[in-house]
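Here is the structure we will look at, set down as structure tokens.
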Amino acid sequence: MTNRQAHALGLLALCCGLPWLGLFAQRSPLDRAAQRITEVGVRRTVMTIAADSMLGRDTPSRGLDLTADYVARAFREAGLEPGAAGDYIQRYPLARRRLDAAVSSIVLMSGPTPQVTLPLSRDAAYLNGTVPSRPVTSSLVVVGGNIDASRIPSDSLAGKIVLWLADFSDAGLAKADAIGTVLATSRAIAILMAPSDTSIVGGPAATQERERVEPEQPAGLSFLAVMVNEAAIARQDAALGAELRTIRAASETVVRGVPLRATIDLRDRPLGQITAPNVIGMIRGSDPALAGEVVVLSAHMDHLGFQSGLAPDS
């Protein structure tokens, strides 16, 4: 099964399974509903949503619009009511943005003079998260060693900028998800990830200036992560480089504040606005005591779009 087909399975309940929802709303027996979900129907739904004609279903894209039309037709055929606006499809605004790496940087300093400057055009790379509208500065905490995620005191990272000395060996990667989850939920301002293999920085550096889409007015800043080149830090500050090597080699989890402030200065270029589709269908309940309550069943219909000119299929 390809990656696109696997993601398409998540929409089955909203497409080929929708007759079940319609029958349930009409109080029809469940065995009759189950008979409506057939191998042919499942295969048709998966192959339609995962087809090359859907163009990888990026947000936004013509392929995603085609997918939304397909799901809306399934809602209509199943007898679901449209949304409050009288339509199954509603569109929401997205802001188009592009990072300007040439004028973006990470700066480490203990006084008024920068000790380390990492330009995103050379020694750092944006990974993900909402780009702040102005530079952000905070004290720096280093997390490294033989890290056990359960031993990271996440409360101590709140409001700080964290430098994660990430282990990209096989053993380190096996623990990376757990560590990343702790750091991402620690309420840190941002994570600076320094991979043990510095050549890895080149990957995100090559793609960081691609156009992105984000909510036009985000409710808050999403988790910000930037990859940095540890070797570039050591070249500019030998003492700090030696301390980072000691922390990385430690046999236990190390969470250590260093006498430095970090400033993240990322410059974003607005490119305009675009919209993307949501699809909504409603089944009204019959219990008047619960008439004011809503149960939401959701699935995502977007995917990765095109990468390097090819729609992702594995």
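The values are calculated or read from the model by the stated rules, or taken from the named source; none is laboratory data. Keep in mind the model is a prediction, meaning the values are calculated, not measured. Backbone-built Cβ (ideal geometry, glycine too); neighbour counts: all protein chains shown. The area values use the complete protein model at the heavy-atom level, side chains included, leaving out ligands, DNA and RNA. Shrake-Rupley method; radii C 1.70, N 1.55, O 1.52, S 1.80 Å.
Regarding V182, is this residue under 30 Å from S61 (Cβ atoms), touching a Ser or Thr at 6+ places or on another chain (Cβ under 8 Å) and among the aliphatic types (A, V, I, L, M)? So V182 does not fit the description; no.
Going by what's in this entry, would D148 be described as surrounded by fewer than 18 Cβ atoms within 10 Å (Cβ to Cβ), acidic (D, E) and in contact with a strand residue (DSSP E or B) (Cβ under 8 Å, 6 or more places away or on another chain)? Break it down stepwise before answering.
Values: surrounded by fewer than 18 Cβ atoms within 10 Å (Cβ to Cβ): yes; acidic (D, E): yes; in contact with a strand residue (DSSP E or B) (Cβ under 8 Å, 6 or more places away or on another chain): yes.
It is true that D148 is surrounded by fewer than 18 Cβ atoms within 10 Å (Cβ to Cβ), acidic (D, E) and in contact with a strand residue (DSSP E or B) (Cβ under 8 Å, 6 or more places away or on another chain).
Any residue in segment 261-269 that is charged (D, E, K, R), surrounded by fewer than 15 Cβ atoms within 10 Å (Cβ to Cβ), modelled with pLDDT under 95 and under 30 Å from A78 (Cα atoms)? For segment 261-269, residues charged (D, E, K, R), surrounded by fewer than 15 Cβ atoms within 10 Å (Cβ to Cβ), modelled with pLDDT under 95 and under 30 Å from A78 (Cα atoms): absent. Go through the residues of segment 20-31 one by one and say whether even a single one is under 27 Å from the mean Cα position of the chain (by Cα), under 18 Å from A299 (Cβ atoms) and either modelled with pLDDT under 95 or assigned to a strand (DSSP E or B) (or both). Scanning segment 20-31, I find no residue that is under 27 Å from the mean Cα position of the chain (by Cα), under 18 Å from A299 (Cβ atoms) and either modelled with pLDDT under 95 or assigned to a strand (DSSP E or B) (or both), so the answer is no. Scanning segment 276-292 for residues that are surrounded by 15 or more Cβ atoms within 10 Å (Cβ to Cβ) and part of a loop (DSSP other than H, G, I, E, B), we see that the one that is nearest to the chain's Cα centre (by Cα) is I280.
A count restricted to segment 154-175 and to residues that are loosely packed, with under 11 Cβ neighbours inside 10 Å and either touching a Gly at 6+ places or on another chain (Cβ under 9 Å) or closer than 18 Å to I264 by Cβ (or both) stands at 1.
In the list S150, S121, which residue meets the criterion of being within 24 Å of the chain's Cα centre (by Cα) and in a helix (DSSP H, G or I)?
Numbers: S121 fails: in a helix (DSSP H, G or I).
Exactly one of S150, S121 is within 24 Å of the chain's Cα centre (by Cα) and in a helix (DSSP H, G or I), namely S150.
Residue count for segment 42-58, restricted to those that are open to solvent by less than 60 Å² (accessible area, probe 1.4 Å) and closer than 15 Å to A74 by Cβ: 6. Here the condition is being on the phi > 0 side of the Ramachandran plot and of a type outside the set (K, R); of G172, G180, G144, G159, it holds for G159 alone. Selection of segment 99-108 for residues being in a helix (DSSP H, G or I) and either in contact with a strand residue (DSSP E or B) (Cβ under 6 Å, 6 or more places away or on another chain) or open to solvent by 20 Å² or more (accessible area, probe 1.4 Å) (or both) yields A102, V103.
Count of segment 59-87 residues, restricted to those that are at pLDDT 90 or above, farther than 27 Å from R36 by Cα and open to solvent by 60 Å² or more (accessible area, probe 1.4 Å), is 1.
Kindly check whether there is at least one residue in segment 181-197 that is more than 18 Å from the chain's Cα centre (by Cα) and open to solvent by less than 40 Å² (accessible area, probe 1.4 Å). Checking segment 181-197: at least one residue is more than 18 Å from the chain's Cα centre (by Cα) and open to solvent by less than 40 Å² (accessible area, probe 1.4 Å). The set of residues in segment 214-236 that are modelled with pLDDT of 95 or more and among the charged types (D, E, K, R) comprises E230, R235. Filtered by the rule that a residue be over 22 Å from L224 (Cα atoms) and either of a type in the set (G, A, S) or touching a residue at least 12 places away in the same chain (Cβ under 8 Å) (or both), segment 99-133 gives S110, G111, Q115.
Against the test of being within 30 Å of N229 (Cβ to Cβ), in contact with a Pro (Cβ under 8 Å, 6 or more places away or on another chain) and surrounded by fewer than 17 Cβ atoms within 10 Å (Cβ to Cβ), the options R91, R96 yield a single qualifying residue, R96.
Could you say which residue among R91, R96, R73 is within 26 Å of F306 (Cα to Cα) and free of Cβ contacts under 8 Å to residues at least 12 places away in the same chain?
Numbers: R91 fails: free of Cβ contacts under 8 Å to residues at least 12 places away in the same chain; R96 fails: free of Cβ contacts under 8 Å to residues at least 12 places away in the same chain.
Of the residues listed, the single one that is within 26 Å of F306 (Cα to Cα) and free of Cβ contacts under 8 Å to residues at least 12 places away in the same chain is R73.
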